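**Q** Quick one: structure below, then a few questions.
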Amino acid sequence: MKEGIHPEYPAAAVSCACGNSFVTRSTRGDFQVDVCGACHPFYTGTQKLIDAAGRVDKFRKRYAGNAAKDAAKAAAATEAAAAAAELKA
Ligand SMILES: [Zn+2]
């Protein structure tokens, strides 16, 4: 190794939000991660919702009104179709 050009590369303890921790090497020292190999759905094979900022709730809140309106519209259309069928018969 050439002297004087390589950064410090010491052992670093990485801790995950799931509680798992492991040691690797890093130039930035110890740090935390949100997902690791022990809890990432790709490795666990289980579906897990990672919703850090409540985005799913925000989405559901925003479009809950629209869904109700659409359902009401669909019901009205069905009623109208039934009435038309009755008139024909
Ligand atoms: Zn983890």
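Only the coordinates and a few stated rules stand behind these numbers; no lab work does. None of these values were measured; they are calculated from a predicted model. Cβ placement follows ideal geometry from the backbone for every residue including glycine, while neighbour counts extend to all protein chains displayed.
**Q** For the chain, build the charge dipole from Cβ charges (+1 Lys, Arg; -1 Asp, Glu) around the Cα centre, then report which of Val35, Thr78, Gly19 sits farthest towards its positive end.
**A** Thr78
**Q** Here is a further query. Can you give the relative contact order of region 1-48 as a percent, counting alpha carbon pairs under 8 Å and 6+ residues apart?
**A** This gives 30 percent for region 1-48.
**Q** Nearest 0.05, what FRET efficiency do Thr27 and Lys69 give at R0 = 41 Å with Cβ-Cβ as r?
**A** 0.15
**Q** Using every alpha carbon pair in region 1-48, what percent of pairs falls into each 10 Å bin from 0 up to the bin containing the largest distance?
**A** 25, 37, 22, 13, 3
**Q** To test your reading of the geometry: what angle, between 0 and 90 degrees and rounded to tens, separates the Cα axis of helix 55-88 from the longest principal axis of the chain?
**A** Relative to the chain, helix 55-88 is tipped by roughly 20 degrees.
**Q** Please compute the volume of the convex hull spanned by the alpha-carbon atoms of the chain and report it per residue in Å³. Write down the numbers at each step before the final one.
**A** On the way: hull volume 18.1 nm³, N = 89.
In the chain, the Cα hull volume divided by residue count equals 203 Å³.
**Q** Also, I was wondering about something else. Which FRET efficiency value, to the nearest 0.05, is calculated for Lys61 and His40 with the Förster distance at 35 angstrom and r the Cβ-Cβ distance?
**A** Calculated transfer efficiency: 0.80.
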